[in-house]
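The values are calculated or read from the model by the stated rules, or taken from the named source; none is laboratory data. These numbers were taken from a predicted model, which means no experiment stands behind them. Cβ sites come from the backbone with ideal geometry, for glycine too, and all protein chains shown count toward neighbours.
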Amino acid sequence: MSSTVGSRRVSVREALADNGALAGLLVLVVALSVSAPTFLSTQNLLNVGVQAAVVAVLAFGSTFVIVSGGIDLSVGSVAALSAMVGAWSSAEAGLPGPVALLLGLLTGVVAGLVNGALVSYGRLPAFIATLAMLSVARGLTLVVSQGSPTTTPDVVSFLGSDLTPYLPVPLLVMLVFFGITGFVLSRTYSGRAMYAIGGNEEAARLSGIDTRRQKLVVYALSGLFAAVAGMLLAGRLSSAGPQAAVGYELDAIAAVVIGGASLSGGVGRATGTLVGALVLAVLRNGLNQMQVSPFWQQVVIGAVIALAVLLDTLRRRTR
Amino acid sequence: MLLSARNITKSFTGVKALDGVDFDVRPGEVHVLLGENGAGKSTLVKVLAGVHSPDRGTVERSAGTRLAVIHQELTLVPRLSVAENLYLGRPPRRFGIVDKARMRQGAKRLLDRVGLSVDPDTAVEDLGIAQQQMVEIARALDLDAQVLVLDEPTAVLTGTETDRLLDIMADLRGQGVGLVFITHHLDEIRRIADRVTVLRDGRSVGVLPRGASVRRMIELMVGRTISEQYPRRRQDPGEVLLKVDGLTRDGAFHDVSFHVRAGEVVGVAGLVGAGRTEVVRAAFGVDRYDSGRVEVAGEPVPRHDVRAAVRAGLGLVPEDRKGQGLVLTSTVGDNLGLVTLRSTARAGLVDRRGQRERARGMAEALRVKTSGLDQPVRELSGGNQQKVVIGKWLLADPKVLVLDEPTRGVDVGAKVEIYELVNRMTAAGRAVLLVSSDLPEVIGMSDRIVVMAHGRVAGELPAGTTQDKVMALAVQEFPA
Ligand SMILES: Nc1ncnc2c1ncn2[C@@H]1O[C@H](COP(=O)(O)OP(=O)(O)OP(=O)(O)O)[C@@H](O)[C@H]1O
Ligand SMILES: [Mg+2]
């Protein structure tokens, strides 16, 4: 009889070959420890973690969106708007810090729900809906702030501080959201539905999955994660800026894609995204350490993104 | 010899798909490749075509021999028109610009050759799956190759189209073309084959001459005999579980009524374009309808709402496994668990262990040939993918299961296993609506047969009717 339902063995080699980004990260780390002696210092490594945190949290949110076959271009603007609403509610409206924080997070969720409604019920292409939100949210940030930075309440500033000298809060937040993302993607109905919708929306619908409601959930999560990232960013500076997080949506998408997700949907994992965000942060940090000019840094980072995806595509094709 | 392959071996992670296979094609013959799902037929075709390079072995072509392949999975571009697909990558040009008029004319000619009457400007995605297959065939024919390989082209075709294709193949054979033909329909093999090479588990287990008996073919292929091809076990029908009443959508179907009782298998027969798929999709809430009603166990099912239909106890195995049945980016296990994902989840959390256990049980019951539940479903052979689509709905155990061409591309042995599971469902008081273009299948497995023609119910026939009676109703004309 020809039927076999066994299990597959996965070796370390396969795991590395299977995750080009992880291999790339290791290569980067080794190369930098050799060429930039300060790279491996505890302080610097913690720095990398803190630098990665904002993009990583944004990217975790984008992972949901990309896995379900969508795209969210608004996360940078939504991050800025949420942080600004939080800061304004406390500094200008005089609300207690925790309430202000909640209002900020709620702002992200609402922005995400609007995106989701436009995509699933309004049938707008995700690219268009979230591009519109990118502009609207940025505009609202400027309206709320009147164009100037606003001081954040203490709870928000705490998010950017160090718990002990060796324990920066952003790093903790990043790890917590990494855990949440992995959990949602692998254990929850919504997470599993995301893979099905991204892989074949019609098949998902015909299997009785409420594709439209699930897309609302997806964009709402992305909005919430963007809001958290916005708080981290503002917390580090103890101030929410009207031009904060401009262009971060591209870093978020890059992190997800470097992490092995497919922009056509159905594929992607929390670990991949974490590695992707770390690759970007390590690269930026390393280039700084080697005193490469910021102009050239942009060129290098762009090239690395293209290379990562290219290698990934080639690897898939040769199987 | 036009083409000759020696000692071909090809492995994928964990599976030896081909193991030392010899295969050749002579001018003016139809060489059939026969084997169970996952035996390695498509893999061999891909090696011949140079899609896969073999781990060992050689493929030799005599000088100047061109090869055209119709792969099992359609390769058309859905958004492009029929004409654009026919001339994909080689459009007729004038002054460097695509000559649309000439392209349209050429497309008409190619479509005529296969007897397909559709407007060349229609987008391929708006065609039925059988029509898409005919377009694919037309495209391959235009290459004027010396070797033509057809990987299960008839799986999605009905009788008339299959007849047409076999005629074309016989024609080409007369002109000295060498044909490789894969099919799970043994009657087609008896009609056209000059030689039959049987594969089992990646090995060539024998070559049969023209006129070999069906019994012999099955024996070689599955290693045992099959006593009963259609093992339907009837029982007394119970209450009406599915009632479709006066269903109408302008231009698609008109005043369609029928019912299915608990314990019954009701077949739906008809020609391509008779509106069978349209009706069941509408009843299941996938598409809209203008008037009429659908009831499951006496409760009305809301229109155009798949979720509500599923909750009411309906299930549908769609006809297009790649487009509507499978999530190709996901694993075998995830696909099998797709329908039960929601109903077994608690507080939004997936029942991971239960889902895996059920998926494993179903994969075993259907003998899905896979290296494990974590294997990407896209790596399975066509027939095994089809089993996964059926399996996910069998797991959901709906009150009424609608099967639209469920055994497409499934081998003779596995068909019997699917029929046994249908028996088990009806024995447990479920109802099954079986839409199929495979006449022996509808007649062999149904307790009653509803025949549709031109979007209407043309009549109903009892079990044990004949193909002629079904066809007589299926070609019936209605006054306008
Ligand atoms: N790309 C791939 N990766 C891994 N395994 C594969 C791949 N392609 C085929 N296989 C495996 O090789 C075996 C042979 O598959 P193949 O598609 O050749 O079967 P087949 O004889 O054409 O079956 P069917 O009648 O169902 O079409 C199967 O076990 C299949 O799972
Ligand atoms: Mg095949």
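Residue check: B:Leu338 meets all listed conditions (1) within 9 Å of chain A (Cβ to nearest Cβ); (2) over 11 Å from B:Val389 (Cα atoms); (3) in contact (Cβ under 8 Å) with a residue 12 or more places away in the chain but one, namely (2).
Only a single criterion out of (1) modelled with pLDDT under 95; (2) more than 9 Å from ligand 1 (Cβ to nearest atom); (3) away from every other protein chain (no Cβ under 14 Å) is not satisfied by B:Pro78, namely (3). Taken across region B:191-204, residues that are within 16 Å of ligand 1 (Cβ to nearest atom), in contact with a Phe, Trp or Tyr (Cβ under 9 Å, 6 or more places away or on another chain) and of a type in the set (Gly, Ala, Ser) do occur, with at least one present. Taking the numbered list (1) under 21 Å from the mean Cα position of the chain (by Cα); (2) in the same structural domain as B:Leu165 (by TED's automatic domain parsing) in turn, B:Gln229 passes all entries but (2).
Summed over region B:251-286, residues that are part of a loop (DSSP other than H, G, I, E, B) and modelled with pLDDT under 95 total 7.
The set of residues from region B:286-317 being without any contact (Cβ under 8 Å) to a residue 40 or more places away in the chain, under 17 Å from B:Gly246 (Cβ atoms) and buried (at least 19 other Cβ atoms within 10 Å of the Cβ) comprises just one member, B:Val301.
Assess whether B:Ala155 counts as being more than 14 Å from chain A (Cβ to nearest Cβ), surrounded by 20 or more Cβ atoms within 10 Å (Cβ to Cβ) and of a type in the set (Gly, Ala, Ser). In short, yes.
Filtered by the rule that a residue be more than 14 Å from chain A (Cβ to nearest Cβ) and within 22 Å of the chain's Cα centre (by Cα), region B:276-322 gives B:Arg276, B:Glu278, B:Val279. On the stretch given as region B:395-407, residues that are buried (at least 23 other Cβ atoms within 10 Å of the Cβ) and farther than 23 Å from B:Glu295 by Cβ total 3. Answer yes or no: is there a residue in region B:46-61 that is β-branched (Val, Ile, Thr), within 16 Å of ligand 2 (Cβ to nearest atom), within 14 Å of chain A (Cβ to nearest Cβ) and under 25 Å from the mean Cα position of the chain (by Cα). Scanning region B:46-61 turns up at least one residue that is β-branched (Val, Ile, Thr), within 16 Å of ligand 2 (Cβ to nearest atom), within 14 Å of chain A (Cβ to nearest Cβ) and under 25 Å from the mean Cα position of the chain (by Cα). Of the strands (runs of 3 or more DSSP E) contained entirely in region B:106-207, those carrying at least 1 residues that are among the polar types (S, T, N, Q) and not assigned by TED's automatic domain parsing to the domain that holds B:Thr277 fall at B:195-200.
Go through the residues of region B:75-93 one by one and say whether even a single one is exposed (fewer than 13 other Cβ atoms within 10 Å of the Cβ), free of Cβ contacts under 8 Å to residues at least 40 places away in the same chain, touching a strand residue (DSSP E or B) at 6+ places or on another chain (Cβ under 9 Å) and of a type outside the set (Lys, Arg). There is no residue in region B:75-93 that is exposed (fewer than 13 other Cβ atoms within 10 Å of the Cβ), free of Cβ contacts under 8 Å to residues at least 40 places away in the same chain, touching a strand residue (DSSP E or B) at 6+ places or on another chain (Cβ under 9 Å) and of a type outside the set (Lys, Arg). With the structure loaded, tell me whether A:Leu163 is of a type in the set (A, V, I, L, M, F, W, C), surrounded by fewer than 21 Cβ atoms within 10 Å (Cβ to Cβ) and outside any helix (DSSP H, G or I) or whether it fails that test. So A:Leu163 fits the description; yes.
Within region A:185-205, take every residue that is within 17 Å of B:Arg281 (Cα to Cα) and surrounded by 24 or more Cβ atoms within 10 Å (Cβ to Cβ) and give me the one that is nearest to the other protein chains (Cβ to nearest Cβ).
If we filter region A:185-205 for residues that are within 17 Å of B:Arg281 (Cα to Cα), which is where we start, we get A:201-205.
The next check asks that each one be surrounded by 24 or more Cβ atoms within 10 Å (Cβ to Cβ); those that pass are A:203-204.
Values: A:Ala203: 5, A:Ala204: 7 Å.
Among residues in region A:185-205 that are within 17 Å of B:Arg281 (Cα to Cα) and surrounded by 24 or more Cβ atoms within 10 Å (Cβ to Cβ), the one nearest to the other protein chains (Cβ to nearest Cβ) is A:Ala203.
Kindly establish whether B:Val470 is in a helix (DSSP H, G or I), buried (at least 16 other Cβ atoms within 10 Å of the Cβ), under 23 Å from the mean Cα position of the chain (by Cα) and in contact (Cβ under 8 Å) with a residue 24 or more places away in the chain. So B:Val470 passes the test. Within region B:9-45, being more than 14 Å from chain A (Cβ to nearest Cβ), among the small types (Gly, Ala, Ser) and within 8 Å of ligand 1 (Cβ to nearest atom) holds for one residue alone: B:Ser42.
If you scan region A:156-184, which residues turn out to be within 14 Å of another protein chain (Cβ to nearest Cβ) and free of Cβ contacts under 8 Å to residues at least 12 places away in the same chain? Give the derivation first.
Residues of region A:156-184 that are within 14 Å of another protein chain (Cβ to nearest Cβ), as a first pass: A:180, A:182-184.
Of everything in region A:156-184, just one residue is within 14 Å of another protein chain (Cβ to nearest Cβ) and free of Cβ contacts under 8 Å to residues at least 12 places away in the same chain, namely A:Phe183.
Do we find a residue being within 16 Å of ligand 2 (Cβ to nearest atom) and either of a type in the set (Val, Ile, Thr) or closer than 28 Å to B:Lys41 by Cα (or both) anywhere in region B:88-97? No, because not a single residue in region B:88-97 is within 16 Å of ligand 2 (Cβ to nearest atom) and either of a type in the set (Val, Ile, Thr) or closer than 28 Å to B:Lys41 by Cα (or both). Restricting region B:390-446 to residues that are outside any helix (DSSP H, G or I) and closer than 12 Å to B:Tyr230 by Cβ, the residue that is nearest to ligand 1 (Cβ to nearest atom) is B:Thr407.
For every residue, the table says whether it meets (1) over 16 Å from B:Ala297 (Cα atoms); (2) surrounded by 17 or more Cβ atoms within 10 Å (Cβ to Cβ).
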| site | (1), (2) |
| --- | --- |
| B:Val240 | no, no |
| B:Lys243 | no, yes |
| B:His259 | no, yes |
| B:Val272 | yes, yes |
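For region B:342-368, filtered to residues that are free of Cβ contacts under 8 Å to residues at least 40 places away in the same chain and on the phi > 0 side of the Ramachandran plot, the residue that is farthest from ligand 2 (Cβ to nearest atom) is B:Ala347. Restricting B:Ser371, B:Ser381 to residues that are more than 9 Å from chain A (Cβ to nearest Cβ), within 14 Å of ligand 1 (Cβ to nearest atom), touching a residue at least 24 places away in the same chain (Cβ under 8 Å) and of a type outside the set (A, V, I, L, M) narrows the list to B:Ser381. Name every residue in region B:321-365 that is in a helix (DSSP H, G or I) and of a type in the set (Asp, Glu), in order of residue number. Listed by number, the residues that qualify are B:Asp334, B:Glu357, B:Glu364.
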